[in-house]
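The values are calculated or read from the model by the stated rules, or taken from the named source; none is laboratory data. These numbers come from a predicted model, not from an experiment. Neighbour counts run over all protein chains shown; Cβ positions are idealised from the backbone, glycine included. Keep in mind that these areas ignore ligands, DNA and RNA; they rest on the heavy atoms of the full protein, side chains included. Shrake-Rupley method; radii C 1.70, N 1.55, O 1.52, S 1.80 Å.
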Amino acid sequence: MSDYRIESDSMGEMKVPSDAMYGASTARAVENFPVSGLRFPREFIKALGRIKLAAATVNQDLGRLPKARADLIRKAAGEVVDGTWDSHFVLDIFQTGSGTSTNMNANEVIAHRCSQLASQPSVHPNDDVNMGQSSNDVIPAAIHLAATDLLQSSLLPALKSFHSALAKKAIEFESVIKIGRTHLMDATPVTLGQEISGWARQVELGIHRLESALPRLTELAQGGTAVGTGLNTHAEFGSRIAMELSRAYGIKFNEAVNHFEAQAAQDAAVELSGQLRTLAVSLVKIANDVRLLNAGPRCGIGEITVPAVQPGSSIMPGKVNPVIAESLAQVCAQVIGNDATIAFAGASGLLELNVMLPVIAHNLLESERLLASACRMFTDKCIIGLQANRERCLEQIEWSMSMVTSLAPVIGYDQASMLAKQSVAEGKTVRQLCEEHAILPVAELNRLLDPATMLKPNR
C-alpha cells in the first residue's frame, strides 16, 4: 500500500499521508509552516469540534443542511470534541494569522470521518462542515470558547482552593507575633496571620479580576463570516449557535454585539491576559515572601518552614530548598512573557481582521493552564504544610531595634532614634537599654514594649 494518497484543493493536487484524517489543504499547510512543532492545545481543538457540531445543528434547523448529512457531521465533530482525532490536528501555531489552516484542518478531519461513517464522500469540508462560517469568525470564537472553558473549569477552581488554604493559614497563625519588615529592614510587629491574610486578599482580588473579564469573553464572533457582515450565512446563525454552545458548555455565551469589533480586534483576549499577568505578579510576591520567611533555616529569617519535598543540593548534604515556590515563580515569569506576546498580537488587527489569532490562542491558553497547575501544586505541596517557627518569631521581635517605635509617642522621636542606634552599636535590645538607663518605669516599659499592643491602631 502506498504511503500517500492524492487529494485536491482549490490550488491543485497534493500528496496526503495515507492514514491521515485530513486532506489537501492541511497537507499544504504542513509543508508551508515547519516552524516550531507547537500545536493547538486540547481545549482549542475541543472548541473547534463544538463549533462544527453546533453549526451542523443550526444549519439543519434553518433548513440549509439535510438531516442525514447533519447527523454525520455531529457524530464526527463529537469525536473531535472528545479528542479522538487530536493526533490529526498537525499544524504549527505559527501559520496563517487568521488560523485558516487549522479551521480547514478541522473541516477536513470531520469530512473525512463522515466519509468513513457513510462509506462514501457525502460531506464536503467547505460546503457542509464549514457552512455559514469563515475562519475569520470560527477562530476568534474558538479562542473565546476555549479560554472561558479553561477559566471556569480549571483556573478559577484552583485559585479558590488556593485562597481557601491561605485563609485557613491566616486564622491558624493569627496568634503568631513576628517582626514586620519594610525595605527588607526590621519594622514594627505583625502576626504571621496578618501577613498571610494579605496574600489571601491578593488571590481573592485575582479571582474577581478574572471573573470581571467574562462578560466580554463570552461574546462570540460566530456569525460575522469573512469581514463581519455575515455574508453567506443566515441572519439568525450567530445567535442560534451561541445558544447551542451555551447548552454544550453550561456557560452563557452570546453573539457579539458588533461583529466588526469581534473579528478586527482581540481586546477581550488582551484583557483576560492582562488579568492573568496581574495574577502572576501577585503570585510572585507570595512566592518570594515564602522564600524569604523560610530562608535559613538557622542563618536566615527562618520564621516559617515549608514542607521538604526533595533534596536541595547535589553537593551539600541535608540542604532543602523552597523548590515549589521557585517553580511557581518561573510559571509567573512565563505568563508575564506570554502577556507581552498577546499584547503585541492584539495590536495587530488590520482593518477587518486580527492576523495573529493562533499565537494569541496558544499563549492565552498556556497561561491559564500553567497558572491553574502551578496554583494547585503550590497549595498542595507548600501552603497546606507550611509551619510557623514561633520561638524564632518571638526571638526576633525582642531583638529588633524597631521596637523603639512604640516608645516614640512617650519619649519623643529624637530620643527614640538615639536608643535605636545605641541598640545596634552596643548589641543590646531596646528593653535592656531602657532598663539600664531607667528611661521609663518598668510597668510602663513592659506595657509599651508588649508586641501584642502593636498589632492595631492605638484607639
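Observations on the model:
- Selection among Ser153, Cys393, Gly97 by position relative to the dipole of the chain gives Cys393 as farthest towards the positive end (Cβ unit charges, Cα centre).
- Of all accessible heavy-atom area on the chain, the percent that carbon and sulfur account for (1.4 Å): 55
- Across region 205-307, C-alpha contacts under 8 Å between residues 6 or more apart give a mean separation that, scaled by the residue count, equals a relative contact order of 26 percent.
- Note, ³J(HN,Hα) from phi for region 294-304, Karplus 6.51, -1.76, 1.60, rounded to Hz, x at Gly and Pro: 7, 4, x, x, 9, 10, x, 5, x, 8, 10
- Rg/Rg_globular for the chain, with Rg_globular taken as 2.2 N^0.38 Å and Rg from C-alpha atoms: 1.33
- Relative to the Cα centre, the charge distribution of the chain, modelled as +1 at Lys and Arg Cβ and -1 at Asp and Glu Cβ, gives a dipole magnitude of about 860 debye.
- 13 Å Cα-Cα reach of Lys67 towards aspartates and glutamates, excluding residues that sit fewer than 8 places from it in its own chain: Asp128
- Solvent-accessible area of Thr148 with every protein chain in place, 1.4 Å probe, in Å² to the nearest 10: 0
- Descending by average beta-carbon neighbour count within 10 Å, the peptides 280-286, 29-35 line up as 280-286, 29-35, the highest first.
- Under 5 Å, built H, 5+ apart or other chain: amide partners of Leu220: Asn254, Glu255, Ala256
- Separation between Cα centres of region 346-407 and region 67-127, rounded to whole Å: 39
- Rolling a 1.4 Å probe across the protein heavy atoms gives region 78-180 an accessible surface of 31 Å² per residue.
- Amide H to amide H, with H built 1.01 Å from N, Arg181 comes under 5 Å of Ala187, counting only residues 5 or more places away or on other chains.
- Using the average count of surrounding beta-carbon atoms within 10 Å as a protection proxy, the listed peptides 107-120, 355-368, 438-451 rank, highest first, as 355-368, 107-120, 438-451.
- Net dipole in debye of region 270-410 [+1 Lys, Arg Cβ; -1 Asp, Glu Cβ; about Cα centre; nearest 20]: 380
- Proximal aspartates and glutamates to Lys381, defined as alpha-carbon separation beneath 15 angstrom and excluding residues fewer than eight positions away on the same chain: Glu326
- Between the alpha-carbon centres of region 184-236 and region 22-45 there is a gap of 30 Å.
- Couplings 3J(HN,Hα) for region 131-137, derived from phi with the Karplus relation 6.51 cos²θ - 1.76 cosθ + 1.60 (θ = phi - 60°), are 4, x, 10, 9, 3, 6, 10 Hz, where x marks Gly and Pro.
- Accessible surface for region 349-447, divided over its residues, is 51 Å² per residue with a 1.4 Å probe.
- Assigned charges on the beta-carbon of Lys, Arg, Asp, Glu; region 81-187 dipole about Cα centre (debye): 620
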